[in-house]
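Data first, discussion second: the structure below is written as structure tokens.
The values are calculated or read from the model by the stated rules, or taken from the named source; none is laboratory data. All of these numbers come straight from a predicted model, not from anything done at the bench. Quick reminder, even Gly has a Cβ in these numbers, built from the backbone with ideal geometry, and neighbours come from all protein chains shown. SASA here: full protein model, heavy atoms, side chains in, ligands and nucleic acids out. Shrake-Rupley method; radii C 1.70, N 1.55, O 1.52, S 1.80 Å.
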Amino acid sequence: MNPRPILPLWAAAIVAALAGGVLDLAYPSLGWWPFAFAGVALVLVTLIGRSAWGSVLVGFVFGASFYLIHIVWITRYLGVVPWFALTAVETVFMAFGSIPIALAYRWMPRLSSSRWVRLIALPALVAGLWTARELFMGAWPYSGFPWARIGMSQSESPLAHIASWVGVAGLTFLMVAFTAGVIEWIRLAQWRQVRTAVPAASVGLLMLVLPAFPTTPAGDMRVGSVQGNGPSGYFDERTPNAVLGAQLEASEPLFGEEMDVLLWPEGGIDSDPLTNSTTAFTLDALARRVDAPLLVNAATTRGDDTFNTSMLWVGGEGAVQLHDKANPVPMGEYVPDRWFFEPLAPDLVGLIQREYTPGTNPPFFDVNGIGVGLAICFDVIYDRVIWDGARDGAQIYMFQTNNADFRDTDENLQQLAFARMRAIETGRSVVNLSTVGTSQVIAPDGSTIDGIAADVAGHMLTEVPLRTGLTPAVVIGPAVQLVLGFGSVLVLVLIGVRVKTAARGRTKTPTL
């Protein structure tokens, strides 16, 4: 027997539209993290008892209402076309990714009428399928867009520390499982039987009381970091080396100070120091002046390829280590399948002249014996980049970004929240540095050690804690994603086969 929908389709569509707006409240700039549970609950209620096409409609309305609000910052310079285009892609995935969740609500009760199946197995399957949808959307097409994962909304909540055990995907799973479990407990309406509340309550209690996985203190690193606030936006008017000049000027208060490394943001150099001797000479002089290596970033060309490159620059030696951005931004740092997209929007696509090549070198530098993990801007949202840095020996992370194209929007605060979550997930300090802000030094527990406000030139000189030891999230993160993603889909398929087989058996005409 299929469950009846809780809401008629017209009401479900209204609630789904409301759910998108509610969910966005959980992310910066507001960051009201409990609203993540409310948004998930609203959309799950709309999917219970829904047909496949009904779930597509509900998922479409939910996805559109959420993404139109959540990524409105795209319009800051690029206008409404990219905003609508990216929203449309993510909304389609959200819509069709709602079908498996609706099928779980339809098939699981037909497989078993046990209330414990309803209270334990069904919420777990729903949470796994939600997580699988997130993982798919974060990987495809063109490296995906894992910007709005449910777990990432909790960077400043008391639940964030769970990410150190199971990663962001695992936190998403637990949040959705708890929410789905509460919904099933309410649907069963067995208020006087306290034990029926145990499954959902156990998940909630686990998320609240399990402490962050401890990493081992390994001293401190004295990091100088500079936010030049130069004209570093894609459409900013500038003279040659204006960004470099702004970074140099903002670095002057650090001259004479002792430091282990001087960090500049993504795009802090607006010429290629690997081929421009004048820029290389300037960096050599700066490294000698501060008596420390520089960790800088610029667009570089090697052969026929252009890269978004972080460099460890030593005075007199030049760039002794390189890391190229692993996931350039589609339609921002390169145009995938330009032959297809340019005829559709020639004026817009024609503006994007840069064509960065994905990097393959490790996101890790050895800075005088201290392991530094790296992520360049958009790469902070990719688990693999962060985990690779930790496995290579990172004792601290330095994230370089350029938010100039999204001044005065929520984008830089959303990205800062992701950096905070990475600190908690890995048990490492993070220096998150932007050309224009907001820049912060974040402790392994997610607290803020130091910072520079947005839209000002400034510097930090910070004793940043170092840590060693890998968190479970780093060690088992890929396995968690495999089990939750592929595993939940496989379980749903097996349940569907079992339900359909049983249904055919009941409809056979008995032989005499």
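For the structure I just gave you, tell me whether V372 is in a helix (DSSP H, G or I) and either of a type in the set (S, T, N, Q) or surrounded by 14 or more Cβ atoms within 10 Å (Cβ to Cβ) (or both).
no
Within the range 172-201, how many residues turn out to be farther than 26 Å from A423 by Cα, in a helix (DSSP H, G or I) and not β-branched (V, I, T)?
11
Return the only residue of G233, G224 being open to solvent by less than 70 Å² (accessible area, probe 1.4 Å) and farther than 18 Å from M460 by Cβ.
Selected residue: G233, the only one of G233, G224 that is open to solvent by less than 70 Å² (accessible area, probe 1.4 Å) and farther than 18 Å from M460 by Cβ.
Give me the strands (runs of 3 or more DSSP E) completely within the range 385-449, filtered to those with at least 3 residues that are of a type outside the set (A, V, I, L, M) and crowded, with 24+ Cβ neighbours inside 10 Å, ordered by residue number.
Strands (runs of 3 or more DSSP E) meeting the threshold: 396-401, 429-434.
Hey, could you check the range 350-376 for residues that are among the hydrophobic types (A, V, I, L, M, F, W, C) and at pLDDT below 95 and say which is farthest from R302 (Cα to Cα)?
L351
Within the group L283, L262, L248, L294, which residue is over 19 Å from Q321 (Cα atoms), in contact with a Leu (Cβ under 8 Å, 6 or more places away or on another chain) and among the hydrophobic types (A, V, I, L, M, F, W, C)?
Selected residue: L248, the only one of L283, L262, L248, L294 that is over 19 Å from Q321 (Cα atoms), in contact with a Leu (Cβ under 8 Å, 6 or more places away or on another chain) and among the hydrophobic types (A, V, I, L, M, F, W, C).
Which one of these is assigned to a helix (DSSP H, G or I), loosely packed, with under 14 Cβ neighbours inside 10 Å and within 19 Å of the chain's Cα centre (by Cα): L482, L490, L494?
L482
Looking at P146, P123, P141, P158, can you tell me which residue is open to solvent by less than 20 Å² (accessible area, probe 1.4 Å) and not in a helix (DSSP H, G or I)?
Every option except P146 fails the conditions.
Checking T309 against (1) open to solvent by less than 10 Å² (accessible area, probe 1.4 Å); (2) of a type outside the set (F, W, Y); (3) out of contact with any Ser or Thr (no Cβ under 6 Å at 6 or more places or on another chain), which single condition isn't satisfied?
Failed condition: (3).
Return only the number of the condition from (1) surrounded by fewer than 18 Cβ atoms within 10 Å (Cβ to Cβ); (2) at pLDDT below 95; (3) not hydrophobic (A, V, I, L, M, F, W, C) that P5 does not satisfy.
The one condition P5 does not meet is (1).
Among the residues that make up the range 434-453, is at least one of them farther than 30 Å from T215 by Cα, among the β-branched types (V, I, T), in contact with a Gly (Cβ under 7 Å, 6 or more places away or on another chain) and touching a residue at least 40 places away in the same chain (Cβ under 8 Å)?
yes
Is it true that G369 is without any contact (Cβ under 8 Å) to a residue 12 or more places away in the chain and farther than 25 Å from I162 by Cβ?
The answer is yes for G369.
Quick check: anything in the range 377-391 of a type in the set (G, A, S) and closer than 22 Å to M331 by Cα?
Scanning the range 377-391, I find no residue that is of a type in the set (G, A, S) and closer than 22 Å to M331 by Cα, so the answer is no.
Kindly establish whether L283 is farther than 30 Å from D383 by Cβ, open to solvent by less than 10 Å² (accessible area, probe 1.4 Å) and touching a residue at least 24 places away in the same chain (Cβ under 8 Å).
Here the answer is yes, as L283 does meet what is asked.
Within the set of pairs 6 or more residues apart or between chains, which connect a residue that is within 17 Å of A95 (Cβ to Cβ) inside the range 62-76 to a residue that is of a type outside the set (S, T, N, Q) and at pLDDT below 95 with Cβ atoms less than 6 Å apart?
Within 6 Å, the pairs are H70/A148.
Mind checking which residues of the range 284-303 are within 19 Å of G245 (Cβ to Cβ) and basic (K, R)?
Result: R288, R289.
Residues to consider are S98, S113; find the one that is among the hydroxyl-bearing types (S, T, Y) and within 27 Å of the chain's Cα centre (by Cα).
None of the other options fit; the residue is S98.
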